[in-house]
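I'd like to ask you about the structure that follows.
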Ligand code: FES
Ligand code: FES
């Protein structure tokens with residue numbers, strides 16, 4: 001079992017740096033414990049903050065009394081929503097979704113009502129963290145508990161308790177007269193769905209449910225804020241995007257962005273969950289009130305109960321196909337839980353539901369529903385995993401009913417260049433067909449699976465991948481190395497994948513580039529590390545900066561060699577002109593002696609999606625005695641466009657797969673009738689350990705992205721999408737039972753098998 | 001009221017004062033600036049805080065600092081010797097066995113303890129040995145392979 005790279009599907013370009021596997025630039029720091037994460041900071045004179053959180057899932061806040069806490073020696077400041085400026089109803093795009101600042105402010109500190117168990121209500125700063133927690137317990141909050149609504153279908157009913165009295169559904173239809181918990185209704189339509197179903201020989205419709213799951217990064221949310229006497233605010237924080245933190249802080253605190261500096265420290269995982277602010281504005285206000293730097297680090301239960309999980313969902317998907325295996329029509333009805341405030345991930349979910357297939361006729365209805373759970377956030381390909389579970393299970397059933405091989409059936413209908421997605425866009429060159437073919441060619445597919453209680457499953461997944469803004473500067477040093485200054489926080493090796501693109505363009509080695517992730521005062525605007533965009537978009541900026549450097553180097557070479565710049569040629573990092581020749585490094589040394597400093601600049605804002613597809617092949621064994629599902633063998637195939645650093649591409653594929661496996665088999669928020677999460681710890685919220693998994697085999701397909709000089713598509717998100725349906729389809733083959741609910745945990749599987757054998 | 005504790009950390013005698021309620025993790029990080037061990041959960045479920053205590057890997061968030069009196073402690077900062085990375089560290093870095101890196105110190109300490117006890121572990125033994133450490137980024141594949149590579153590289157110590 002090993003990693004394979006599928007044969008090139010295009011003319012192979014020869015690269016010196018791209019496609020190699022250098023040791024990443026920050027790894028010595030990270031294997032010796034020297035890398036500085038936010039909680040490792042000890043800012044002089046620092047004090048500690050702690051939150052007071054709602055013990056109710058839904059309650060009116062009658063009063064908050066901080067006086068007892070304030071009297072405690074060592075307590076320096078308290079803070080409630082009254083300390084935040086009045087929020088404005090303004091919507092902004094943060095790169096992986098939009099935010100309404102009134103909602104964001106109300107999520108950071110509850111106003112009038114607590115909308116979920118764990119909702120922050122107040123905070124306190126004290127000279128040590130234990131004292132801060134004791135003081136938080138002395139802040140007295142009087143609540144008037146209200147009935148809570150905890151599941152999407154209940155929350156949509158007319159008689160459900162309302163979270164927001166003013167919430168009127170945003171819809172293309174007539175504006176409803178009455179408020180409800182339905183924040184928006186999205187609709188897409190292509191062709192004529194009735195005609196499509198009329199032309200089908202087989203139609204299958206199924207209902208699906210998925211549970212709330214968390215991104216599960218190991219580092220809790222943590223920040224240090226320092227509000228200086230001159231009015232400047234500095235925040236060290238664990239974030240996927242320092243500039244979007246700056247933007248949110250400026251809007252929430254109503255101050256100019258130029259007064260705020262965000263210092264991104266090393267970050268211990270994010271997966272979409274570290275984009276929205278939580279503790280940052282509170283630490284800032286506490287710092288302003290006590291005049292000292294304030295650190296707030298969440299406890300793990302706070303992370304589960306009060307930061308963005310990704311939603312639970314209720315979905316109905318119907319698909320029709322002809323006898324010869326052509327899809328004719330699709331219909332999807334999707335309701336996602338947004339959490340306590342509008343703006344969940346239903347938008348991308350609705351766009352992704354049929355994104356792998358060429359469907360002539362389809363309709364999609366999507367509902368964003370508020371209920372008494374934490375505000376949901378993006379989680380790696382947000383929304384796409386939910387809908388893939390529904391669609392890919394129905395596809396599998398159709399293939400079975402039509403007696404067509406599941407890969408052939410998918411190949412028959414796969415989206416390709418020119419396919420128009422139900423939500424409108426037409427695909428440019430994409431690699432789904434190539435991924436399915438690579439799976440057909442794999443050793444895994446060609447090795448039959450034998451033995452009782454075993455089954456094999458297949459599924460596909462799609463994610464858009466975005467472009468967005470990135471800026472870099474690159475300074476040529478006197479020794480011919482280049483310092484690359486960037487604003488993309490590095491969560492999984494992007495310093496290196498970006499540096500490699502600069503190196504390739506300049507004809508130097510990866511080691512000759514020194515990448516630095518800097519604060520918001522030291523580089524141009526850069527969007528989040530998210531949307532699978534960093535290696536693509538910041539890499540594009542690095543490529544531009546390299547071309548800028550090359551232009552300046554040519555001019556300096558011309559000056560040194562006393563010829564015109566037109567006479568200087570560059571190939572593979574070697575500059576030639578007037579009969580002379582120098583490598584990049586040697587020329588940089590000469591240029592440093594005679595010329596002005598050479599600084600390259602790259603700024604980009606690509607508007608395209610780079611369209612990633614992945615396919616899984618999985619073998620499982622189901623224990624009929626316990627319902628436990630063991631993954632015997634797992635292969636993930638993905639179109640990377642071009643794998644800059646194959647090890648880290650494989651790493652994304654393996655990590656995303658493992659998260660998808662956890663989502664499929666174990667992970668879920670258990671809620672009691674009181675709306676309290678019953679399993680807010682890593683012991684009870686059961687993420688896969690290494691004992692739960694096999695090796696994860698990877699096949700990298702490279703169908704070049706036409707919108708990038710090296711063909712990069714971005715790889716981070718799509719591998720989480722196919723595992724749940726691939727595993728469901730495998731379990732069906734092992735047990736004869738189809739599953740329509742996630743997670744497929746041992747009790748669920750055991751009950752279903754038992755029901756089947758007793759004929760229930 | 002603070003308690004005086006004398007202990008050995010990475011071979012050197014260290015004295016500190018701590019509150020009786022402080023965990024070993026809190027003292028290592030907040031009082032002694034040994035921030036290599038990480039806090040992921042503070043309740044014994046993630047392994048990011050793993051250190052060696054008298055030859056056994058422990059979750060330092062579950063040990064009270066006062067229990068370190070007279071003990072020998074080794075942290076991730078003590079794994080490399082005189083500027084040379086340990087083979088495990090080298091294999092982690094060459095094998096791309098980390099992404100965000102927050103779990104890495106805990107894995108290195110646990111894996112080193114595992115290899116000292118069992119220099120040639122099978123894949124299952126490695127997976128069992130590391131099951132107390134959570135990593136959310138890598139899917140563990142490259143971590144297991146790095147430990148395999150290190151076990152083949154050197155029958156050290
Ligand atoms: S912090 Fe000690 S086990 Fe998680
Ligand atoms: S590398 Fe991020 S948790 Fe392991």
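The values are calculated or read from the model by the stated rules, or taken from the named source; none is laboratory data. Owing to the predicted nature of the structure, the values given are computational and were not obtained by experimental measurement. Don't worry about glycine lacking a Cβ; one is built from the backbone with ideal geometry, like all the others, and counts go over all protein chains shown.
Residue under question is residue A:526, and the condition is that it be assigned to a helix (DSSP H, G or I), in contact with a helix residue (DSSP H, G or I) (Cβ under 7 Å, 6 or more places away or on another chain) and under 23 Å from residue A:713 (Cα atoms); does it hold? Break it down stepwise before answering.
On the way: assigned to a helix (DSSP H, G or I): no; in contact with a helix residue (DSSP H, G or I) (Cβ under 7 Å, 6 or more places away or on another chain): yes; under 23 Å from residue A:713 (Cα atoms): yes.
No.
Next question, about the same structure. Restricting to segment A:668-683, count the residues that are away from every other protein chain (no Cβ under 11 Å) and touching a helix residue (DSSP H, G or I) at 6+ places or on another chain (Cβ under 9 Å). Outline the logic, then answer.
Here is the first cut: in segment A:668-683, the residues away from every other protein chain (no Cβ under 11 Å) are A:668-679.
Next, only the ones that are touching a helix residue (DSSP H, G or I) at 6+ places or on another chain (Cβ under 9 Å) stay: A:669, A:676-677, A:679.
The qualifying residues number 4.
If a residue must be surrounded by fewer than 22 Cβ atoms within 10 Å (Cβ to Cβ) and either at pLDDT below 95 or near ligand 1 (Cβ under 6 Å from one of its atoms) (or both), how many such residues does segment B:40-59 contain?
The total comes to 3.
Looking only at segment A:556-596, how many residues end up being more than 15 Å from residue A:478 (Cα to Cα), under 43 Å from the mean Cα position of the chain (by Cα) and modelled with pLDDT under 95?
3
Would you say residue A:665 is over 22 Å from residue A:651 (Cβ atoms) and either more than 16 Å from ligand 2 (Cβ to nearest atom) or within 13 Å of another protein chain (Cβ to nearest Cβ) (or both)? Break it down into steps so the answer makes sense when it comes.
On the way: over 22 Å from residue A:651 (Cβ atoms): no; either more than 16 Å from ligand 2 (Cβ to nearest atom) or within 13 Å of another protein chain (Cβ to nearest Cβ) (or both): yes.
In short, no.
Could you list, in sequence order, the residues of segment B:60-77 that are touching a residue at least 40 places away in the same chain (Cβ under 8 Å), closer than 24 Å to residue B:3 by Cβ, under 13 Å from the mean Cα position of the chain (by Cα) and buried (at least 21 other Cβ atoms within 10 Å of the Cβ)?
Once the filter is applied, which keeps residues that are touching a residue at least 40 places away in the same chain (Cβ under 8 Å), closer than 24 Å to residue B:3 by Cβ, under 13 Å from the mean Cα position of the chain (by Cα) and buried (at least 21 other Cβ atoms within 10 Å of the Cβ), segment B:60-77 yields B:73, B:75.
Same structure, new question: Can you pull out every residue in segment B:5-29 that is within 30 Å of residue A:684 (Cα to Cα) and crowded, with 20+ Cβ neighbours inside 10 Å?
Once the filter is applied, which keeps residues that are within 30 Å of residue A:684 (Cα to Cα) and crowded, with 20+ Cβ neighbours inside 10 Å, segment B:5-29 yields B:22, B:23, B:24, B:25, B:26, B:27, B:28, B:29.
Go through segment A:565-682 and tell me which strands (runs of 3 or more DSSP E), entirely inside it, have 2 or more residues that are closer than 23 Å to residue A:712 by Cβ. I'd like the intermediate steps shown before the answer.
Details: elements: A:569-571, A:574-577, A:580-583, A:599-604, A:612-622, A:629-639.
Ranges flagged: A:569-571, A:599-604, A:612-622, A:629-639.
Note down all Cβ pairs under 8 Å where the first residue falls in segment A:643-656 and is over 19 Å from residue A:381 (Cβ atoms), the second is in a helix (DSSP H, G or I) and within 13 Å of ligand 2 (Cβ to nearest atom), and they're at least six residues apart or on different chains.
Short answer, once both residue conditions are applied: A:647/B:142.
Let me ask something additional. I'm trying to understand the selection: among the residues of segment B:90-112, which are surrounded by fewer than 24 Cβ atoms within 10 Å (Cβ to Cβ) and at the interface with chain A (Cβ under 7 Å from one of its Cβ atoms)?
B:93, B:94
Moving on to the next point. Give the residue, chosen from A:232, A:206, that is touching a helix residue (DSSP H, G or I) at 6+ places or on another chain (Cβ under 9 Å), surrounded by fewer than 18 Cβ atoms within 10 Å (Cβ to Cβ) and within 30 Å of residue A:393 (Cα to Cα). Show your work before the answer.
Details: A:232 fails: within 30 Å of residue A:393 (Cα to Cα).
So the residue among A:232, A:206 that is touching a helix residue (DSSP H, G or I) at 6+ places or on another chain (Cβ under 9 Å), surrounded by fewer than 18 Cβ atoms within 10 Å (Cβ to Cβ) and within 30 Å of residue A:393 (Cα to Cα) is A:206.
What helices (runs of 4 or more DSSP H), lying completely within segment A:226-316, carry at least 2 residues that are within 14 Å of another protein chain (Cβ to nearest Cβ)? Steps first, please.
On the way: elements: A:242-253, A:280-290, A:300-306.
Helices (runs of 4 or more DSSP H) meeting the threshold: A:300-306.
Among the residues of segment A:467-523, write down those that are part of a loop (DSSP other than H, G, I, E, B) and under 14 Å from residue A:585 (Cβ atoms). Show your work before the answer.
So in segment A:467-523, the residues part of a loop (DSSP other than H, G, I, E, B) come out as A:467-469, A:477-481, A:487-493, A:507-509, A:518-523.
Result: A:477, A:478, A:479, A:480, A:481, A:507, A:508, A:509.
Here's another thing I want to ask about it. Hey, residue B:28 hits all of (1) at the interface with another protein chain (Cβ under 7 Å from one of its Cβ atoms); (2) closer than 20 Å to residue A:129 by Cα but one; which does it fall short on?
Against the list (1) at the interface with another protein chain (Cβ under 7 Å from one of its Cβ atoms); (2) closer than 20 Å to residue A:129 by Cα, residue B:28 comes up short only on (1).
Residues being at negative phi and within 24 Å of the chain's Cα centre (by Cα): count how many of those fall in segment A:268-325.
Of all residues in segment A:268-325, those at negative phi come to A:268, A:270, A:273-290, A:292-324.
Those still in the list that are within 24 Å of the chain's Cα centre (by Cα) too: A:268, A:270, A:273-281, A:296-315.
Qualifying residue count, segment A:268-325: 31.
Still on this model: Taking into account only those residues within segment B:114-138 that are within 15 Å of ligand 1 (Cβ to nearest atom) and within 12 Å of the chain's Cα centre (by Cα), which is surrounded by the most Cβ atoms within 10 Å (Cβ to Cβ)? Explain how you work it out, then say what you get.
Here is the first cut: in segment B:114-138, the ones within 15 Å of ligand 1 (Cβ to nearest atom) are B:130-136.
Subsequent filtering for residues that are within 12 Å of the chain's Cα centre (by Cα) retains B:130, B:132-133.
On the way: B:130: 24, B:132: 18, B:133: 27.
Across segment B:114-138, the extreme among qualifying residues is B:133.
If the requirement is being surrounded by fewer than 23 Cβ atoms within 10 Å (Cβ to Cβ), more than 14 Å from chain B (Cβ to nearest Cβ) and closer than 25 Å to residue A:465 by Cα, which of these qualifies: A:211, A:200? If you could, list the steps in order and put the result at the bottom.
On the way: A:200 fails: closer than 25 Å to residue A:465 by Cα.
Every option except A:211 fails the conditions.
Could I ask something else about it? Given the conditions (1) more than 10 Å from chain A (Cβ to nearest Cβ); (2) within 16 Å of ligand 2 (Cβ to nearest atom), report the number of the one that residue B:149 does not fulfil.
All conditions pass for residue B:149, except number (2).
Next up: Tell me, please, whether a residue that is more than 16 Å from the chain's Cα centre (by Cα) and facing chain A (nearest Cβ under 10 Å) can be found in segment B:13-20. Even if it seems obvious, please write down each step before you answer.
First, pick out the residues of segment B:13-20 that are more than 16 Å from the chain's Cα centre (by Cα): B:13-20.
Those left that are additionally facing chain A (nearest Cβ under 10 Å): B:19.
Within segment B:13-20 (the criterion being more than 16 Å from the chain's Cα centre (by Cα) and facing chain A (nearest Cβ under 10 Å)), the answer is yes, since at least one residue qualifies.
Please list, ordered by first then second residue, the pairs with beta carbon atoms under 7 Å, 6 or more apart or interchain, first in segment B:120-137 and under 18 Å from residue B:105 (Cβ atoms), second surrounded by fewer than 15 Cβ atoms within 10 Å (Cβ to Cβ).
B:131/A:691
List the number of the failed condition for residue A:645; all other conditions in (1) within 14 Å of chain B (Cβ to nearest Cβ); (2) in contact with a strand residue (DSSP E or B) (Cβ under 8 Å, 6 or more places away or on another chain); (3) more than 24 Å from residue B:132 (Cα to Cα) hold.
Going through the list (1) within 14 Å of chain B (Cβ to nearest Cβ); (2) in contact with a strand residue (DSSP E or B) (Cβ under 8 Å, 6 or more places away or on another chain); (3) more than 24 Å from residue B:132 (Cα to Cα), residue A:645 breaks only (2).
Given the structure, is residue B:75 more than 20 Å from residue A:687 (Cβ to Cβ) and within 16 Å of ligand 1 (Cβ to nearest atom)? Write out each step before concluding.
Working: more than 20 Å from residue A:687 (Cβ to Cβ): yes; within 16 Å of ligand 1 (Cβ to nearest atom): yes.
Yes.
May I pose another question? Could you pull out every one of the helices (runs of 4 or more DSSP H) wholly within segment A:319-413 that has 1 or more residues that are closer than 29 Å to residue A:673 by Cα and modelled with pLDDT of 95 or more?
Numbers: elements: A:346-352, A:384-401, A:406-413.
Fully inside segment A:319-413 and qualifying: A:346-352, A:384-401.
Related question: Can you pull out the residues in segment A:214-225 that are within 14 Å of chain B (Cβ to nearest Cβ) and away from ligand 1 (no atom under 16 Å from the Cβ)?
A:215, A:224
Let me ask something additional. Sort out which residues of segment B:13-58 are touching a residue at least 40 places away in the same chain (Cβ under 8 Å) and within 16 Å of ligand 2 (Cβ to nearest atom), and write them in order of number.
If the condition is that a residue be touching a residue at least 40 places away in the same chain (Cβ under 8 Å) and within 16 Å of ligand 2 (Cβ to nearest atom), then B:36, B:37, B:38, B:40, B:45, B:46, B:47, B:48, B:49, B:50 are the ones that fit.
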